[in-house]
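Shown next, in structure tokens, is the structure this report addresses.
Bear in mind that the values in this text are calculations on the coordinates, not laboratory data. Because the structure is a prediction, the values reported are computed rather than measured. Methodologically, a virtual Cβ is constructed for each residue, glycine included, from the backbone with ideal geometry; neighbour enumeration extends over all protein chains shown.
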Amino acid sequence: MPCLLSIETSCDETSAAVLSGSGDAVALESLVILSQDVHRVFGGVVPELASRAHVTSIVPVVERALADAGRPMREIDAIAVTYAPGLVGALLVGVSFAKGLAYARGIPVVAVHHLEGHVFAQSLEHAAAVPPFTLLLVSGGHTLIADVPAWGEYTVLGRTRDDAAGEAFDKVAKLLDLPYPGGPHLERLARTGTPGRIRFPRPMLHGGQQTGDRDYYDVSFSGLKTAVKLAIDDLRASGGEWRADVALGFQDALVETLAEKTARAARAFGRGRIVLGGGVACNGALFEAVSVRATKSVASVYAPSPRLATDNAAMIARAGLFRLERGDVAGLDLNAYAARPLPGRAAA
Ligand code: KG4
Ligand code: ZN
């Protein structure tokens, strides 16, 4: 049974993990995630600072992951590393480190697509959350709805036409003067809002849509963000306490749109499982909204815990094991890429 060391440095988390196993029978032996605090001061990720912070932390983070697993390097059979998509400078730190270490040890490097990592994340916690399933992947940089008939096979049905779901959360949180990253803060604030007091339009969601329409599965959040901004401008002038109501109104609109479109995909493909992934999968209201719709079609809904929903190396190890067992090994000419299509994509 192979034992993998994995590295994730695509954005502002330096993370390493050790995982062993075969097929869907895996054991996560350790996971270290170091979140870069420096970006909070700037209200967003500063790429150059992210790269520098990865350079400083990668050695101690990897050493700690190995120590927590009780594994010396000689017991590691392969190194899985995120090579795309993400900040190129940040990715390069992980990719270069992985290649150097793998070359020194004479073991293979496995290149992992970050989004494929998110697809595998929930399976580390829920043994039943394996394909076939409907996938809703919602992170700071990506939003997509896909059908997953088997690991490594993705039929992308819908995506965002502009802002990613997490990006929309972060931008609206900023309008509400909440700290970065805003998603969790906005969710907390929304809990104190009065339901129905402020209602925003549901972007690209209306009853007349049919399978085959280009907007049947796609979403769009930039109009919603503008609607929120205009509402805030009016409310500021009127005084009173409205921030929680705006947060709730925004969250309701975004969550209902995503949940409805995900349910459409599950119905269309007759899937009994719906899997949520990416940082926004931490959102309780989203999980609730998807679950309510899933009950009608008797589908089970799975979402990873926050530690595995946001960026982490455990999911990279899990996807890396899948790739390794298929013989997908990278050469030492492996590069990092800001954008790269998800491997195994089939036309919808
Ligand atoms: O997957 P992730 O860690 O990084 C990317 O690959 O982008 O996702 C980060 C995103 C951020 O936009 C953050 O605000 C959002 O996930 N997020 C949430 C929640 N927790 C994290 N959004 C809404 N509600 C949450 N509870
Ligand atoms: Zn991510």
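The table below gives the values:
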{"quantity": "Cross-link reach list, aspartates and glutamates versus residue 99, counting only Cα pairs under 12 Å and skipping chain neighbours closer than eight places", "calculated": "333"}
{"quantity": "Fewest-first sequence of 300, 123 by Cβ atoms within 10 Å of each Cβ", "calculated": "300, 123"}
{"quantity": "For the stretch 321-332, Karplus couplings with θ = phi - 60° (6.51, -1.76, 1.60), whole Hz, Gly/Pro x", "calculated": "4, 4, 5, 4, 5, 8, x, 7, 10, 8, x, 6"}
{"quantity": "Amide proton proximity set for residue 157, modelled H, under 5 Å, gap of 5+", "calculated": "145, 146, 147"}
{"quantity": "Helix 222-238 vs. the chain, principal-axis angle (Cα, 0 to 90°, nearest 10)", "calculated": "50 degrees"}
{"quantity": "Tilt relative to the chain, helix 284-296 - C-alpha long axis, 0 to 90 degrees, to 10", "calculated": "80 degrees"}
{"quantity": "Computed magnitude of the charge dipole of the chain (debye, nearest 20; Cβ of K, R +1, Cβ of D, E -1)", "calculated": "460 debye"}
{"quantity": "Charge dipole magnitude, Cβ of K and R +1, D and E -1 - the stretch 125-183, Cα centre, debye nearest 20", "calculated": "100 debye"}
{"quantity": "Packing-based ranking, highest mean first, of 270-283, 61-74, 311-324 given that Cβ atoms within 10 Å are counted", "calculated": "311-324, 270-283, 61-74"}
{"quantity": "Table column - 3J(HN,Hα) (Hz), the stretch 89-96, Karplus curve with 6.51, -1.76, 1.60, x for Gly and Pro", "calculated": "x, 5, 4, 4, 4, x, 5, 5"}
{"quantity": "Degrees between helix 165-175 axis and first principal axis of the chain (Cα, 0 to 90, nearest 10)", "calculated": "60 degrees"}
{"quantity": "CD proxy at 222 nm, helix term only [per DSSP H run n ≥ 4: -39500 (n - 2.57); per residue of the chain; nearest 500]", "calculated": "-13000 deg cm²/dmol"}
